[in-house]
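Here's the structure, in structure tokens; my notes come after.
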Amino acid sequence: MIVRVVELSDHPGTLLRETRLRSEAAAERERSAYQDALAQHHARVLRAARARDQARARHRWRAWLRGVFAVRAERRRAPVPPRAYGQPSDQESILVAGIEGEQLVSAGLGRVLDDDWTLIRGYRNRGGEIDHLLLGPHGLIAIEGKHRNATVHCVGDHWWYTKFDNHGNPVERGEMADRRGRSPSQQVNEPASRLEDFLRSRGQPVAIQRFVMLTHPRSQLGGCLRPTVRIATTTGQVIGALGDSGTTLSAPERARLERLIIRDHRFHTERRKG
């Protein structure tokens, strides 16, 4: 048997669909505006050509010459066609990469773990979203995936990346943070801490191990000082840490925890809708 998967939400997939819909709507607006501008342009050229031809018919040669230049000028004022939308936007590429990374995590864990383990995907609370919650006999693990083809560094909760060319020269450096300015470790620590508090308040005290997993096959871990989470580059490293917490959860305990996690996620989902 393989690991059970519970899909609570597909936030990246929803964002990707919304982003693509916005892109398509923007493209349609641009196409419509272009067609309107093109029709107006053709009308102006036609008026200028008629005036030119009338001047010629009446042998008004100066007016005819002015008309010739007027037609040329109007033709040069043709509207610019809208840009092509064949290539995905930067935001779409980021979301697609994130979805690919999540799928790699699910597949990697599913190949090794049995149905004693449950992979809960897309849990959210007031602290944010946790990509994966892995619940099983040896405890509860929160995993934040980052799918970036780069070398990743951190000092505490400050994270950044460096990209190198084929000759080993650095070509790009940037901060790793979400729209709220939170680093990957903060993105997993904040909701995981809130989930711990919630479970404790319901009589289920369990320590949640926190991982940031670099899911891109060419991701590398650079220097990391005093990280506030564990960092992995393979699902094997996560699986190897399953027994480190010293926690043992029986099947009834795991079932209670799963129900509480799902209930808490639904509560926060309805609260956001409200």
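The values are calculated or read from the model by the stated rules, or taken from the named source; none is laboratory data. A quick note: this is a predicted structure, and the numbers were derived from the prediction, not measured. All Cβ positions, glycine included, derive from the backbone under ideal geometry; neighbour counts span all protein chains shown.
Here is how the numbers come out for the structure above:
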read-out: Subset of the range 197-230 (residues that are without any contact (Cβ under 8 Å) to a residue 40 or more places away in the chain and of a type in the set (Lys, Arg)); value: Arg200, Arg230
read-out: Within the range 248-274, tally of residues that are within 16 Å of Gln209 (Cβ to Cβ) and modelled with pLDDT under 90; value: 1
read-out: Some residue of the range 243-261 being more than 17 Å from Arg200 (Cβ to Cβ) and among the basic types (Lys, Arg); value: no
read-out: Checklist (1) more than 17 Å from the chain's Cα centre (by Cα); (2) more than 25 Å from Gly236 (Cα to Cα); (3) of a type in the set (D, E, K, R) applied to Arg182, failing item; value: (1)
read-out: Elements of type strands (runs of 3 or more DSSP E) in the range 167-240, at least 1 residues being surrounded by 12 or more Cβ atoms within 10 Å (Cβ to Cβ) and in contact with a helix residue (DSSP H, G or I) (Cβ under 6 Å, 6 or more places away or on another chain); value: 208-214, 230-232
read-out: Flag if Glu253 is in contact with a Gly (Cβ under 6 Å, 6 or more places away or on another chain), assigned by TED's automatic domain parsing to the domain that holds Ile130, charged (D, E, K, R) and assigned to a helix (DSSP H, G or I); value: no
read-out: Matching residues, the range 3-46, being touching a Gly at 6+ places or on another chain (Cβ under 7 Å), modelled with pLDDT of 75 or more and surrounded by 13 or more Cβ atoms within 10 Å (Cβ to Cβ); value: Val3, Leu8, Ser9
read-out: Odd one out for Val212, checked against (1) at positive phi; (2) in contact with a Pro (Cβ under 6 Å, 6 or more places away or on another chain); value: (1)
read-out: Selection from the range 75-98 of residues that are at pLDDT 75 or above, charged (D, E, K, R) and not in a helix (DSSP H, G or I); value: Arg77
read-out: Some residue of the range 110-121 being among the hydroxyl-bearing types (Ser, Thr, Tyr) and over 18 Å from Leu242 (Cα atoms); value: no
read-out: Unique match (being exposed (fewer than 15 other Cβ atoms within 10 Å of the Cβ) and either at negative phi or modelled with pLDDT under 80 (or both)) among Arg124, Arg72, Arg52; value: Arg72
read-out: Pairs where the first residue, in the range 161-174, is over 16 Å from Arg218 (Cβ atoms) and the second is modelled with pLDDT of 85 or more, C-beta under 8 Å, 6+ apart; value: Arg173/Trp160; Arg173/Tyr161; Arg173/Thr162; Arg173/Lys163; Gly174/Trp160; Gly174/Tyr161
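Conditions (1) in the same structural domain as Ile130 (by TED's automatic domain parsing); (2) of a type in the set (Gly, Ala, Ser); (3) under 20 Å from the mean Cα position of the chain (by Cα); (4) at pLDDT below 90, marked per residue:
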{"position": "Asn166", "(1), (2), (3), (4)": "yes, no, no, yes"}
{"position": "Asn169", "(1), (2), (3), (4)": "yes, no, no, yes"}
{"position": "Gln204", "(1), (2), (3), (4)": "yes, no, no, no"}
{"position": "Gly246", "(1), (2), (3), (4)": "yes, yes, no, yes"}
